[in-house]
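Engineer: Pasting a structure here, questions to come.
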Amino acid sequence: MITLNEAEAVDIGLSSVEGKNENEVFQALDSLTGIAEGFLSENEEADARRVILSISDIAQAAAQEKMELVTINSVLAFGKLARIAAKKGYGSILNRTIVETGKLGRTAASSSLEAGSKVAATTMMEIWNHSSPEKKDQEEMVAFSLLLRDIGSAAAVQGMEEALLNAINCLGEVGKKVASESLEAETISTLLLLEEIGNLAAEKYFDEALSSVALSIEDAGKLSFKNKLHEAVLQSQWALETLKIQAEEKALINSPIVTEMALDSFKFPGVRETGESIGKLQEIKELQKKVYSSL
């Protein structure tokens with residue numbers, strides 16, 4: 001395959017998406033990925049970031065044109081670059097690949113590209129696992145969860161329950177991870193997003209997805225109690241109570257039982273609502289708005 005220079009690759013990539021010439025788009029993306037790898041190996045972070053954004057531009061255009069194989073190829077390219085960035089200790093590049101993968105997954109889901117959206121969410125988790133939560137700042141972790149929420153929400157709107165379930169599972173893993181690290185604000189943020197997706201699942205009558213949300217909330221809540229994150233425990237209870245009502249109102253089959261059983265496991269003494277609980281919840285919602293506006 002011919003290797004293109006950066007400017008050629010960007011031009012050919014975008015024009016080939018417009019012309020739906022899949023082979024030429026692949027050529028452009030492969031060239032750009034190789035160029036980004038070269039910049040990373042030469043410690044040229046700014047140049048690598050620029051090329052990653054160019055890959056994202058082409059990938060976004062391809063996803064909007066429903067070019068699923070190109071979308072998946074782009075996600076895998078981000079994953080490859082993330083692994084290199086992690087080895088080199090380039091946290092900002094690692095975070096950029098997460099954000100661009102999440103945005104691409106959201107577009108893929110909005111375009112009804114089920115495989116593309118699932119690969120994006122799974123790849124995000126793989127990239128996330130290249131560094132532990134304590135090495136990420138709070139806003140990065142909140143952004144990560146917001147993007148997974150977006151993928152799940154877009155999948156739900158398009159009626160893709162499998163893709164929604166995949167996003168829920170990923171978000172649930174994040175919830176468990178941050179709760180196990182005693183990161184209360186990040187845990188509450190994830191619980192809020194799980195509740196949001198759960199409400200959407202109920203609206204779409206996705207019984208299995210709503211049950212999965214309830215189980216994810218239960219897992220994060222139990223870890224929160226174990227680590228004395230009382231505000232997160234309260235949020236788990238509130239979310240499950242809300243979702244139980246939603247499941248019952250929609251006359252779903254399994255999720256009312258699952259949410260009720262999950263709630264039964266939250267009869268913890270000494271965990272009560274306070275004015276501070278409400279205030280902290282509002283602070284986290286404001287943080288989510290701030291982070292989302294910068295994505």
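Just so it is clear, none of the values below were taken in a lab; they were calculated from the coordinates. Note that this is a predicted model, so its numbers are computed, not measured. Glycine also receives a Cβ, built like all others from the backbone with ideal geometry; neighbour counts cover every protein chain displayed.
Engineer: From Glu248, Glu173, which residue is over 15 Å from Ser265 (Cβ atoms) and under 20 Å from the mean Cα position of the chain (by Cα)? Write out each step before concluding.
Structural biologist: Values: Glu248 fails: under 20 Å from the mean Cα position of the chain (by Cα).
Just one listed residue meets the conditions, Glu173.
Engineer: Inside region 186-285, counting only helices (runs of 4 or more DSSP H) that do not spill past its ends, which hold 1 or more residues that are in contact with a His (Cβ under 9 Å, 6 or more places away or on another chain)? Explain how you work it out, then say what you get.
Structural biologist: Values: elements: 207-226, 230-249, 255-264.
It comes to 207-226.
Engineer: Of everything in region 57-72, what is touching an Asp or Glu at 6+ places or on another chain (Cβ under 9 Å) and buried (at least 22 other Cβ atoms within 10 Å of the Cβ)? Give them in sequence order.
Structural biologist: Passing the criteria: Ala59, Ala62, Met67, Val70.
Yes or no, residue by residue, for (1) more than 28 Å from Lys103 (Cβ to Cβ); (2) surrounded by fewer than 20 Cβ atoms within 10 Å (Cβ to Cβ); (3) in contact with a strand residue (DSSP E or B) (Cβ under 6 Å, 6 or more places away or on another chain):
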{"position": "Leu193", "(1), (2), (3)": "no, no, no"}
{"position": "Asn199", "(1), (2), (3)": "no, yes, no"}
{"position": "Ala202", "(1), (2), (3)": "no, no, no"}
{"position": "Leu210", "(1), (2), (3)": "no, no, no"}
{"position": "Gly221", "(1), (2), (3)": "yes, no, no"}
{"position": "Phe225", "(1), (2), (3)": "yes, yes, no"}
{"position": "Ser236", "(1), (2), (3)": "yes, no, no"}
{"position": "Thr242", "(1), (2), (3)": "yes, yes, no"}
{"position": "Glu286", "(1), (2), (3)": "no, yes, no"}
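Engineer: Output the residues belonging to region 60-69 that are among the hydrophobic types (A, V, I, L, M, F, W, C) and closer than 11 Å to Leu104 by Cα.
Structural biologist: To start, the set of residues in region 60-69 that are among the hydrophobic types (A, V, I, L, M, F, W, C) comprises 61-63, 67, 69.
The answer is Ala61, Ala62, Ala63.
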